[in-house]
Amino acid sequence: MSLRSRREWILPEEKTENIIEHILKIRGIEEEDSFLNPKIEDVPNHTHLYNTNKAAKRLIKAVKSGEKIVIHGDYDADGICSTSLLWNFLYRDVAQFLDKEVDILPYIPDRTDQGYGLTEDSLNDVIDLGAKLVVTVDCGVRDRDLIRKYIQDKKLDLIVTDHHLPPEDLLDSREKDRKDGDLEYPLVHQMYPGKEYPDAEICGATVIYLLIQSIRELLGMDEDLRYGLDLVALATVTDVMPLLGVNRIFVKEGLEEIHRGERIGLRMLALRAGLTPEEVETYHLGFVLGPRINASGRIASPMEAVRLLVSNSESQCKEIANTLEMTNFERQKMTTEIFEKAKESVQDSQDKLLFILGEDWHEGIIGLVAGKIQQLYYRPVIVATKSEGVVKGSARSIKGFNITKAFDKFKQYLDRYGGHELAAGFSTTEGKLEDFRKNLVEYANEEITEEQLTPKLNIELLLDSEDITKELVNELSKLEPLGFGNPKPTICVRDLTIKEKRVIGKDNNHLKLVAKGSNSDFLTLLLFGCDDDVETLNEGDVIDVVGYPDINVWNGTENVQFNVKEWRWNR
């Protein structure tokens, strides 16, 4: 792998003095104070999320009358966190407050056997569990017809909480003819037509957090705005929600809860991954803890992760954390194997959308592979797997090509589908696959422009080597938490002459360079995972770099270093 840039660099015209103000301005952030000082009290409360009151009243009625409640979750980290959060609140907190046992069970369908979200199979399962009321979390918004069928035929009550893109015909003629214009069941959703929540891009766990606030108020429980923030933060990051608005607040405050280490499962998971709770930051949620939670839903049992997040037993949590560590290792191995096969099948393709089909590939892995292929070729990618006549696929897209809306255009070929602008999934049968593939690829070839396929890197700060200081690192820390939607600022340093070169790492695939800037200042550069650059870059070469500074502490001494994400020749 090489870190040599394949993107077009868009450089700012000149250096800037007020760095934070400059970054916020170019990112379109106008409320500087609220952005730099996010507070949980600034989150629009549950009254702004349509149907929380209606759903809360139905849940309270079920609790008080002793009805069997089943929480129907989803197998990704957001679904697992949402399920854990709601179950724990009702089973423990509400039960204690009312001094009454709450008859409630968590349920998450099997990814391989049942697929995503609500299905006849999964609803039959919850009926077999004795459910009188089903609460969906992180799923259900696109399953109106199925829900109606079970309400009418099985007399099953449902509350749907979800955050995925709703269908355009969510409220059909039957709802429009109803006096209140509502569905037959409470749908708690931030994009409910005409009743939108102030922030549209929130995860399923945030929807549950707001629902819990409504239940608290109706029952007369004490307000607790910090309840469950650790799980909301984890779900927000793993579900790739932009860290702006309420999401920024939830992640900042949620990280503070994680640092306290009070949720035993998260503490054990962090320790097993080699972290103390105090060390956990946004990166670790997305790339260390999140993948371990997700691994259970991808290739094992997601209920193990639920048990981890709700258990009060340190020994049980330690055991589950060990299991998830091994599961994640197996997931990584499987991902690498399928990625290599998928890459071979499209390396000569000229299509603007890459459609890859495998035989009996594990469907819990194909989304990860699609993401890696998309990063490699910067084109929309679908990776699908077929088994016994059934095809399941996962898609990752690029900015400007809404993959879920593309699926909408050819939904006649699909049995089920759903997702977001940049990520989606579907299922179909082998007999309909070729027509779907052909039409979708043709549509993408017509709609996607060459400009969209040319990756660009918008550089926010142009600095000299002398500007890369501890003071700069401290100043940039004001922007945290950093992640999707609020990334680390892209900083470019030009005209660096390599004076020293050192190959590091047990596999000799990292570089540590000492480079001299145009003002005779020296800067330490670190390049990780750059096997191909080990021979390419040598002393005397002049390069430009893009990356981010941090402080390295070794034997009590602090030194500034610059982590290089991309480089190019200065010619």
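So if each residue of separation counts as 0.36 nm, and I subtract the Cα-Cα distance between residue 10 and residue 26, what length gain in nm does that give?
Values: separation 16, 0.36 × 16 = 5.76 nm, distance 1.31 nm.
Once the chain is fully extended between residue 10 and residue 26, it gains 4.5 nm.
Among all the aspartates and glutamates, which ones have a C-alpha under 12 Å from residue 352's C-alpha, if same-chain residues fewer than 8 places away are not counted?
442, 446, 447, 450, 451
Using 31 Å as the Cα-Cα cut-off, could you pick out the over-long pairs in 54/100; 195/438; 343/409; 341/565; 343/488?
Working: 54/100 22 Å; 195/438 38 Å; 343/409 27 Å; 341/565 27 Å; 343/488 29 Å.
Among 54/100; 195/438; 343/409; 341/565; 343/488, the Cα-Cα distance tops 31 Å for 195/438.
In deg cm²/dmol, rounded to 500, what helix-only [θ] at 222 nm does the chain give when every DSSP H run of at least 4 residues adds -39500 (n - 2.57) and the total is split over its residues? Before the final figure, lay out each step's value.
Numbers: 20 runs with 218 residues, N = 571.
About -11500 deg cm²/dmol.
With everything on Cα atoms, drop me the angle between helix 314-346 and the longest principal axis of the chain, reported from 0 to 90° to the nearest 10.
Value to nearest ten degrees: 70.
Figure the gain on full extension for residue 378 and residue 64 (residue separation times 0.36 nm, minus the Cα-Cα span) and round it to one decimal in nm.
Additional length available on full extension: 107.7 nm.
Against the longest alpha carbon principal axis of the chain, how many degrees, from 0 to 90 and to the nearest 10, is the axis of helix 77-88 turned?
That works out to roughly 50 degrees.
Can you tell me the dipole magnitude for segment 371-443 around its Cα centre, using point charges on the Cβ only (Lys, Arg +1; Asp, Glu -1), in Debye to the nearest 20? The partial results should precede the final answer.
On the way: 13 positive and 8 negative charges, 50 e Å.
Charge dipole, segment 371-443, about its Cα centre: 240 debye, nearest 20.
On a straight-distance basis, which aspartates and glutamates could pair with residue 132 in a cross-link, Cα separation under 17 angstrom, same-chain partners fewer than 8 positions away excluded?
67, 101, 103, 120, 121, 153, 157, 184
Between the helical axis of 366-377 and the dominant principal axis of the chain, each derived from Cα atoms, what acute angle in degrees is found, rounded to the nearest 10?
Once rounded, one gets 30 degrees.
For segment 347-447, what proportion of DSSP beta bridges, expressed in % and rounded to the nearest 5, is antiparallel? Don't skip to the answer; put the middle values down first.
Values: 18 of 24 bridges.
Taking every DSSP beta bridge with both residues in segment 347-447, the antiparallel ones total about 75 percent.
Which of the pairs 411/456; 470/512; 57/155; 372/411; 39/405 have their Cα atoms more than 30 Å apart in this structure?
Values: 411/456 32 Å; 470/512 19 Å; 57/155 19 Å; 372/411 26 Å; 39/405 35 Å.
Listed pairs above 30 Å: 411/456; 39/405.
For an R0 of 60 angstrom, estimate the FRET efficiency from the Cβ-Cβ distance between residue 129 and residue 558 and round to the nearest 0.05. Could you put the intermediate results ahead of the total?
Details: r = 56 Å, r/R0 = 0.94.
Approximately 0.60, to the nearest 0.05.
Based on the alpha-carbon gyration tensor of segment 347-447 and its eigenvalue square roots a ≥ b ≥ c, which shape applies: rounded if a/c is under 1.5, prolate if not and a/b is larger than b/c, or oblate? Could the numbers behind the result be given before it?
On the way: a/c = 1.42, a/b = 1.16, b/c = 1.22.
The shape class here is rounded.
FYI, it's all coordinate maths here, none of it is from the lab. No experiment lies behind these values; they were computed from the predicted model shown. We place every Cβ from the backbone using ideal geometry, glycine too, and count neighbours over all the protein chains shown.
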